[in-house]
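Asks: I'd like to ask some things about the structure below.
The values are calculated or read from the model by the stated rules, or taken from the named source; none is laboratory data. These figures come from a predicted structure and were not determined experimentally. Cβ atoms come from the backbone with ideal geometry, glycine included; neighbour counts cover every protein chain shown. Just so you know, the surface numbers come from the protein's heavy atoms only, side chains and all, with ligands and any DNA or RNA stripped out. Shrake-Rupley method; radii C 1.70, N 1.55, O 1.52, S 1.80 Å.
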Amino acid sequence: MNCKLVCLTLFLASGLQAMAQKSYQLDSPDGKLKTVVNVDKTISFSVSHEETEVLAPSSISMSLEGDEILGLHAKVAKVTRSAVNKVIPSPFYKKAEVADSYNGMSLNFKGNWSIEFRAYNDGLAYRFVTRKKGDIVVKSEEASYNFTKNYETFAPYVNSKAPTFEQQFFNSFEQPYVNEPITKLNSGRLMILPFLVTLDNGKKLCITEADLEDFPGMFLNNSTEKPSLKAVHAPYPKTVEQGGHNRLQMLVKQREDFIAKTTGTRTFPWRAFIVSESDKQLTDNDMVFRLASPNRAGDVSWVKPGKVAWDWWNDWNIYGVDFKAGINNETYKYYIDFASAHGIGYVILDEGWSVNLKADLMQVIPEIDLKGLVEYGKSKNVDIILWAGYWAFHRDMEKVVKHYAEMGVKGFKVDFMDRDDQQMVNFLYEAARICAKYKMMVDFHGVFKPTGLNRTYPNVINYEGVNGLEQLKWSPESYDMVTYDVTIPFIRMIAGPMDYTQGAMRNAARGSYRPINSEPMSQGTRCRQLATYVIFESPFNMLCDNPSNYMREEECTEFIASVPTVWDQTMSLDGKVSEYVAIARRNGADWYVGALTNWDSRELELDLSFLGEGTFKAEIFKDGVNADRAGRDYKKEIITIPANKKLQIKMAPGGGFAARIFK
């Protein structure tokens, strides 16, 4: 073959390849974030933010039963674009409306399916959409999120060290973070979302998902030597068996060879990639809420956020009374009296009020007159919330919800789901729907991270999926909750509200912490506990300690009880992941400021120029001079905010700062 013929052949081949491969670009409204989608034999996308590469070309697809792969040899039939600039009605936990501005692009493929992309100023999201008749079986959803550099990450492994992914799918989604480069992540462990990557130029990428419905949740894993993260989903349960904690769980014994069986015409969950130019931007991000499906519960004016006096963490360990403390009427009346005296709207009856090992919420122990407690609480302007194990709640859900709604109970804390396969995800939606039907709130514990269900059903008032203060009832002296506290506002809190359950009055300086189940303590200072009520987004917020301790600490108790749980406005003041954080939130005319540090003492200058003109005073709680040795040491002062609106604060190791600012 002569040179001319060879050159012509190569030219035609390259031309055909160029014709086959098509690229589609989508920019954010401010033009800083760019997404390029390549459609060739496979579909991949890449993301950049100004000069910073966020994601290298990353392939995505979805495999259906019948060997159909959405994304393999795909042919674009139509491209639609949109520019959206609207506001979403305010969620119950934020009084202000949520701005929702993005540029959209939908690639519609032959075969009745598409992929939608949305480019926001603060990140990108994509999802699959199918328009097929009848039901479909999803074998897997593939995604490899690739990076050209071996970036550092903040990765939360599942809290199961079982040798197989199958065994790791059963976990409580509560785990501290490891700070490791991508290629050093444990290839034998699943990682839960949200997941944080440190990019170049001080930028961060947070990977999570939103609008997770009728589909399993996504884990990440890296089993290669390359800086790449692979999506993993739990297969659908084939057989389940009652067991686990007090026989309140359903344990998966066998799984199918697919991850979901679902309707053929639907949208799938959003895969969200949140990009920040500074760490502090991560502490106030609404992308998950924006991507979630709108309210399906109708009028939710009956949903009442607030504080909750909680019994379990403090082991019902009250004192100075003339009755035996425990799970009985006298103890709960004491909690109700305490709540009433401090304007706390709720008391929760945690595990123990129903007969143990029966998984039957209609069987109340004889020591409890539940109807009498509900009526006593109403006479004191305090409502009752009931704890429920997953299977006890699920097995006869509507009967249980209707019964206790008619009694006057205001909601349930449902616990020990510990899975996020399609079956369990669907349970959350059904529980939210039925509770909404009977005007009952629900707080999900032992559950995966939020994905926006609290927008779709605003009666879902809080979520766990966080390694909260309960861990300090049993964790060893080496456990580091303080560093975790200054990490979750930048990662876990992006997903949505979190029921961390703070408020300890026994506070251990570094080296003083011990796990004591009946008299638990926090790590760090007293002011740290106060500050978390401002820092952590939690519309249904516990007071974890016992009323006897609170009544001995009147100043701190009054402050905790007075901090709102819903906000008009949030200002991210300062912060660095795993080191420190400072946030201001406004409710009405008053601003609240909270700050936390890790085990390093720290001085910060907080810019309060957002206060505007005028003279402002502040009620402040600051670490005492000896707080590094005695964690309970604090000082309360009333100060005048400087005219330049610069506030200097100092925090002890493991310390905090809290303030209420008023004009």
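Asks: Quick test for you: out of K380, K399, K358, pick the one residue that is closer than 19 Å to A309 by Cβ and among the basic types (K, R).
Replies: Answer to the check: K380.
Asks: Can you pull out every residue in segment 36-83 that is within 26 Å of F258 (Cβ to Cβ), under 29 Å from the mean Cα position of the chain (by Cα) and of a type in the set (S, T, Y)?
Replies: Within segment 36-83, S44, S58, S59, S61, S63 qualify.
Asks: Is segment 565-575 home to any residue that is farther than 26 Å from N517 by Cα, of a type in the set (A, V, I, L, M), touching a Leu at 6+ places or on another chain (Cβ under 8 Å) and open to solvent by 10 Å² or more (accessible area, probe 1.4 Å)?
Replies: So far as segment 565-575 goes, yes, one or more of its residues are farther than 26 Å from N517 by Cα, of a type in the set (A, V, I, L, M), touching a Leu at 6+ places or on another chain (Cβ under 8 Å) and open to solvent by 10 Å² or more (accessible area, probe 1.4 Å).
Asks: Among the strands (runs of 3 or more DSSP E) contained in segment 553-632, which hold 1 or more residues that are of a type in the set (G, A, S)?
Replies: Where strands (runs of 3 or more DSSP E) fall fully within segment 553-632 and carry at least 1 residues being of a type in the set (G, A, S), they are 569-576, 580-587, 590-597, 617-623.
Asks: Another question, then. Would you confirm, using the coordinates I've provided, whether I434 is among the β-branched types (V, I, T), surrounded by fewer than 22 Cβ atoms within 10 Å (Cβ to Cβ) and farther than 27 Å from A341 by Cα?
Replies: Answer is yes for this residue.
Asks: From the list D27, D40, exactly one residue is open to solvent by 10 Å² or more (accessible area, probe 1.4 Å) and in contact with a helix residue (DSSP H, G or I) (Cβ under 9 Å, 6 or more places away or on another chain). Which is it?
Replies: D40
Asks: So E470 passes all but one of these: (1) open to solvent by less than 10 Å² (accessible area, probe 1.4 Å); (2) under 20 Å from Y177 (Cβ atoms); (3) assigned to a helix (DSSP H, G or I). Which condition number does it fail?
Replies: Single failed check for E470: (1).
Asks: What number goes with the only condition from (1) open to solvent by less than 10 Å² (accessible area, probe 1.4 Å); (2) of a type in the set (S, T, N, Q); (3) outside any helix (DSSP H, G or I); (4) over 24 Å from R586 (Cα atoms) that S548 does not pass?
Replies: Checking S548 against (1) open to solvent by less than 10 Å² (accessible area, probe 1.4 Å); (2) of a type in the set (S, T, N, Q); (3) outside any helix (DSSP H, G or I); (4) over 24 Å from R586 (Cα atoms), the one that fails is (3).
Asks: Still on this structure, please answer the following. Report yes if Y145 is surrounded by fewer than 21 Cβ atoms within 10 Å (Cβ to Cβ), out of contact with any Phe, Trp or Tyr (no Cβ under 6 Å at 6 or more places or on another chain) and in contact (Cβ under 8 Å) with a residue 12 or more places away in the chain, otherwise no.
Replies: Considered against the rule, which asks whether it is surrounded by fewer than 21 Cβ atoms within 10 Å (Cβ to Cβ), out of contact with any Phe, Trp or Tyr (no Cβ under 6 Å at 6 or more places or on another chain) and in contact (Cβ under 8 Å) with a residue 12 or more places away in the chain, Y145 comes out as no.
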